[in-house]
Amino acid sequence: MQRRAQRDQRAPRAQRLTRLLVCAAAVPAMLAAAGCSSDSGSSDDAGKKAAETSAPTSASPTPTVEPAAYRTLPKSCATLPKKTLKDLVPGGESGKEGTSDDTAVRASCSWDSLDDNGVKGSQYRWLNVSMLRFDSDTSRGAGDKRAHERYLKQVADTKATEGAKALKAEPFTGTGDEATLVRYDLKKKEGAFKQQTVVARAENVVVSVDYNGAGLAGDKAPDADALAKAARKAATEAITAVQTANGGADGKGSPSGSPSAKAPSAKSPSAKTSAKTSA
């Protein structure tokens, strides 16, 4: 009886222990299930991020630049009308063409004359027209911008001429997109020279006109203002020749059919800096 009573007492304890073990076993299973569910969500998020990262990005646009307006240059020794040459270099209308690897990019011509008056002295004249064309380039920029930079440098170089006396620089309008007249006196062994240099730009072409004169063998020096007026006229005619060579309809505006047919002065980098007008 006593043993039976002991067995009866142990039975409830065994049942409670069994229930505790069952509950203890259930807890890890729940945690494992929860963990699997959490890992599954993280995997989905990682997959989405990977897909977003691997998505192809749009290609960068290819840099472009506006084509240059002028594609060629006129024949250098035919740039100026015969009448102008007769006035500026009387008797020396046959010009000498400068050397060039590509006359569509770089061209020049020079003329000179000597009016010999015997014991009364003589008058000497020298004229040179040079043209430089710039193409548009994606790495170096638009042709007109490159030409503008060259224009500024050429004006600065002319103003820095060694030995120049009484130098004056006069920007003026009416010749291309921008133009400057640089004038000075220069003493040489032959005599005193009156130098006139006009640097002008039309779109992507830079034109330079050098014109000087001197009275030799006792003759008086030429009038500097008259030489300056002639140099400016020659520069204007050279710009017109460039425009005509590229299909200019009226010799004043952009060439018809040009990739950048527009009024040249509308976008001139130095339109605001032109301080003086032509006389």
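The values are calculated or read from the model by the stated rules, or taken from the named source; none is laboratory data. Being a predicted model, the structure only gives us computed values, none of them experimental. Cβ: placed from backbone, ideal geometry, glycine included. Neighbour counts: every protein chain shown.
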Does the range 208-221 contain at least one residue that is surrounded by 16 or more Cβ atoms within 10 Å (Cβ to Cβ), touching a residue at least 60 places away in the same chain (Cβ under 8 Å), under 19 Å from Arg71 (Cβ atoms) and in contact with a helix residue (DSSP H, G or I) (Cβ under 6 Å, 6 or more places away or on another chain)? no
Verdict on Thr99 being buried (at least 16 other Cβ atoms within 10 Å of the Cβ), assigned to a loop (DSSP other than H, G, I, E, B) and in the same structural domain as Ala231 (by TED's automatic domain parsing): no
On the given criteria, is Gly163 closer than 18 Å to Ala235 by Cβ, assigned by TED's automatic domain parsing to the domain that holds Gly213 and in a loop (DSSP other than H, G, I, E, B)? no
For the range 167-195 the number of residues that are under 13 Å from Ala228 (Cα atoms) and out of contact with any Lys or Arg (no Cβ under 8 Å at 6 or more places or on another chain) is 1
Which count do you get for residues in the range 102-137 that are closer than 25 Å to Ala214 by Cα, surrounded by fewer than 20 Cβ atoms within 10 Å (Cβ to Cβ) and of a type in the set (D, E, K, R)? 4
Verdict on Pro74 being over 26 Å from the mean Cα position of the chain (by Cα), closer than 15 Å to Val242 by Cβ and modelled with pLDDT of 95 or more: no
Just the residues that are closer than 26 Å to Glu190 by Cβ, part of a helix (DSSP H, G or I) and not aliphatic (A, V, I, L, M), please, taken from the range 201-250. Asp225, Lys229, Arg232, Lys233
